[in-house]
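Remarks on the structure that follows.
The values are calculated or read from the model by the stated rules, or taken from the named source; none is laboratory data. Being a predicted model, the structure only gives us computed values, none of them experimental. With ideal geometry, Cβ positions are generated from the backbone for all residues, glycine too; neighbour counts draw on all protein chains shown. Quick note on the areas: whole protein, heavy atoms, side chains included, nothing else; ligands and nucleic acids left out. Shrake-Rupley method; radii C 1.70, N 1.55, O 1.52, S 1.80 Å.
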Number of protein chains: 2
Amino acid sequence: MDAGSFEALTVDTLGRRLGGLEALRARLGDDVAAWRTREVGDGNLNLVFIVESDKGGVVVKQALPYVRLVGESWPLPLKRSYFEYHALTRQAARAGGSVPEIFHFDEAQALIVMEYLTPHVILRRALIDGRQLPKIADDLALFMARTLFRGSDLAMETRKRKADLALFADNVELCDITENLVFSDPYFEAELNAHTAPQLDGIVAQLRADRDLKVTAQRMKHLFAAKAETLLHGDLHTGSIMVTDTDTRVIDPEFAFYGPMAFDVGMLFANFWMSYFSQSGHEEGGSREAMRAYLLGVLERCWSGFRVEFSRLWRSERDGILYQKSLFEDRGDVLGAEQALDAVMHEMWTDLLGFAGIEIHRRILGLAHNADFESIEDTDIRARCEAKALQFGRQIAVNRARMHSMTEANALATLIETGAVA
Amino acid sequence: MDAGSFEALTVDTLGRRLGGLEALRARLGDDVAAWRTREVGDGNLNLVFIVESDKGGVVVKQALPYVRLVGESWPLPLKRSYFEYHALTRQAARAGGSVPEIFHFDEAQALIVMEYLTPHVILRRALIDGRQLPKIADDLALFMARTLFRGSDLAMETRKRKADLALFADNVELCDITENLVFSDPYFEAELNAHTAPQLDGIVAQLRADRDLKVTAQRMKHLFAAKAETLLHGDLHTGSIMVTDTDTRVIDPEFAFYGPMAFDVGMLFANFWMSYFSQSGHEEGGSREAMRAYLLGVLERCWSGFRVEFSRLWRSERDGILYQKSLFEDRGDVLGAEQALDAVMHEMWTDLLGFAGIEIHRRILGLAHNADFESIEDTDIRARCEAKALQFGRQIAVNRARMHSMTEANALATLIETGAVA
């Protein structure tokens, strides 16, 4: 494949254009005519091909110069593929085994050839189907703790971190999507917004008139835009995670940039809570009571596991410029380091609640809805699920400094789900 | 002057090397032999020449490839001159008239030719001499509010801000100085530290064993390193300000980088408070009671003026991605925007107290002391002044979230100065 001007792949041209690459031949064999290609991209932005042969398979992901969900009227630069590639390599180094292996990257064609994960399914889909994945809480806790800690001034040489910060600072357009679609558009009548109408009209108007909520959303946006703390995944929802019962992989980090640790964690937790509130819309096949209990358990265990691993790294790999051991452990003040850790964890918890609440809102009020709710065909039922999630999101975001633990957050979710408070 | 390999200027070579520059000839005349050159650099890092003729004068500032205060054993890259130049141009655009005019910049020679400010003196020197400058509170309030607001996502196009963030992210070595010398070294027995001994040995040991203080210092360092909120001056102390009774100019922004707004404000206020606590060491010529009252008044008026101007800009120039008018004013919710402003100002106040306390400590416990205290020859008297400042710094830093206004901070300063609390 020439590295010349960009040309979108198709099912028909992929074999011809990529057939010469050793990275593919090594996995698919030299008989290119026998390669079977299908396009499976169901995301909002890119082309995704699965290429298989009798010998194996690979995934080919190619960026398009526009937002796939919207069309050519919304241009989006191909360089997001470059940021995705660089994020994947860093995540692989910091949290081994948590992302797909990369076989080939072509910057000009905005194209990444990577491991075909099978029989993995998208986590969001599995949760909609009522599957209880036994490993996600632990695996995602480790992924987040390791990538967030090891990409920050807690662990990195600060010179390298600042150079990397400068590299990712150019991922402007994808940050812009988050800045607008997540933090602002949901809170006024922006053109691209949509919500389940007319059922939600009342609560939507109420939320958009809610001064404390609007200020909170902008406070979180301020933090998102200003706090360049670590290399984030940037889009860590359940649609960016592929799972089996025994394996968990995080994909699609094209939104990667240096931001606050709490953003990734908050977005992921928001998606678990949305799954929780959506379960009653998927009860045709039977009660989802056990699934709801499972999801609250995942939240409890994932946050707990995150804290355990983050604390372990704090005690063993805190070699960066922040909270140096020369001030604490090296002077016999181990408790000083623990006190600082508590401050960091407390702030992260507070901030992640803010990010989580806003993420819930944008998925119900903004442009990019998620299948948890969208796949509920009865709009009355869907709206009831969404309204509960909206109330919950408002409460955890605005009340974030006064909600002390996951137990309390989950208790609030239960109160709202069961109708005990409305 | 050739733009070849770097060569430090001397008084003897300056005329020959710079005599061909139109930027100098326009101000000094073509008779280079009649130019009078003297070296006046009294800072820690650079060469500074004043070049005069009968027609006028200019300042030539040249970086050296090492820290002047320490010597060639501590290399420091010449590119800091590049960052200083870029910071000066941005400050000039954002706060017109507040910085020296730039006539010429030579990146390879790390050399900036700029306006010769006369009869200006260094503000720190004036305060030591007991001079009450009538305009500094207002002028510095405007400088800070305008540069900090206009360099942030409150006002800038975010794409430009991120490109600029990437540019200044390379100013690693000067950030490293602040990260180490300000936030960490003072709190353990670092090699470069010095303090007035033996008089301060007791309180120094006490502060270095103070767990809450150490954690606070590292919390502030975390904020300094991670919160890339606006283009800071980065070294805004009273030695970086030149004054007359009618003019105030800010110089020496080579530490410029994207950091938290509260850092510049906190550092400046710390230096006013240090001047306050140092006055009793300069009373040979008479009581400094009026000078102390003046300094507390400057702090009160500067913070008040900062808030007034920042609020004015908030209401009139808030055109960036944060706290957009589309969510507030455009929907008739003016009070929502005011509520957000209060949140931003409250956070800035809290953070600046933290930065101010740490800045006070590093100037007494660390490498770079300041003349306010150093020029007090009687070390017993000097130590008494310094001890009060140290106590004050500890209190405002650790207690920053519970100290509500400048009135309270100044009341604490008065209590400590008068010995009412110790």
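Remarks
- When A:Tyr258 is tested against the conditions (1) touching a residue at least 40 places away in the same chain (Cβ under 8 Å); (2) over 23 Å from the mean Cα position of the chain (by Cα), the lone failure is (2).
- Number of residues in region B:184-203 that are more than 14 Å from chain A (Cβ to nearest Cβ) and assigned to a helix (DSSP H, G or I): the value is 3.
- Selection of region A:154-169 for residues being within 7 Å of chain B (Cβ to nearest Cβ) and in a loop (DSSP other than H, G, I, E, B) yields only A:Ala169.
- For region B:214-224, the condition of being surrounded by fewer than 20 Cβ atoms within 10 Å (Cβ to Cβ) and more than 9 Å from chain A (Cβ to nearest Cβ) holds for none of the residues.
- Qualifying residue in region A:396-410 (condition: within 30 Å of A:Val67 (Cβ to Cβ), in contact (Cβ under 8 Å) with a residue 12 or more places away in the chain and either in contact with a Gly (Cβ under 6 Å, 6 or more places away or on another chain) or in a helix (DSSP H, G or I) (or both)): yes
- Hits in region A:329-344 (condition: more than 7 Å from every other protein chain (Cβ to nearest Cβ) and open to solvent by less than 20 Å² (accessible area, probe 1.4 Å)): A:Ala337, A:Leu341, A:Val344
- On inspection, B:Ala126 qualifies as away from chain A (no Cβ under 14 Å), within 30 Å of B:Leu28 (Cα to Cα) and open to solvent by less than 10 Å² (accessible area, probe 1.4 Å).
- Some residue of region B:258-278 being touching a strand residue (DSSP E or B) at 6+ places or on another chain (Cβ under 9 Å) and among the acidic types (Asp, Glu): yes
- Exactly one residue out of B:Leu174, B:Leu88, B:Leu140 is within 14 Å of chain A (Cβ to nearest Cβ), under 13 Å from B:His233 (Cα atoms) and within 19 Å of the chain's Cα centre (by Cα), and it is B:Leu174.
- Look at (1) open to solvent by less than 10 Å² (accessible area, probe 1.4 Å); (2) part of a helix (DSSP H, G or I); (3) more than 9 Å from every other protein chain (Cβ to nearest Cβ) and you find that B:Leu181 fails only one, number (1).
- Candidate set: region B:313-328, residues that are hydroxyl-bearing (Ser, Thr, Tyr) and within 11 Å of chain A (Cβ to nearest Cβ); chosen: the one nearest to A:Lys221 (Cα to Cα): B:Tyr323
- Of the residues making up region B:350-368, just one is part of a helix (DSSP H, G or I), more than 14 Å from chain A (Cβ to nearest Cβ) and open to solvent by 10 Å² or more (accessible area, probe 1.4 Å), namely B:Arg363.
- Candidates A:Glu284, A:Glu229, A:Glu289, filtered to the one that is within 14 Å of chain B (Cβ to nearest Cβ) and open to solvent by 10 Å² or more (accessible area, probe 1.4 Å): A:Glu229
Conditions (1) open to solvent by 60 Å² or more (accessible area, probe 1.4 Å); (2) under 21 Å from B:Arg249 (Cβ atoms), marked per residue:
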position: B:Asp30; (1), (2): yes, no
position: B:Trp35; (1), (2): no, no
position: B:Asp42; (1), (2): yes, yes
position: B:Val48; (1), (2): no, yes
position: B:Leu69; (1), (2): yes, no
position: B:Leu76; (1), (2): no, no
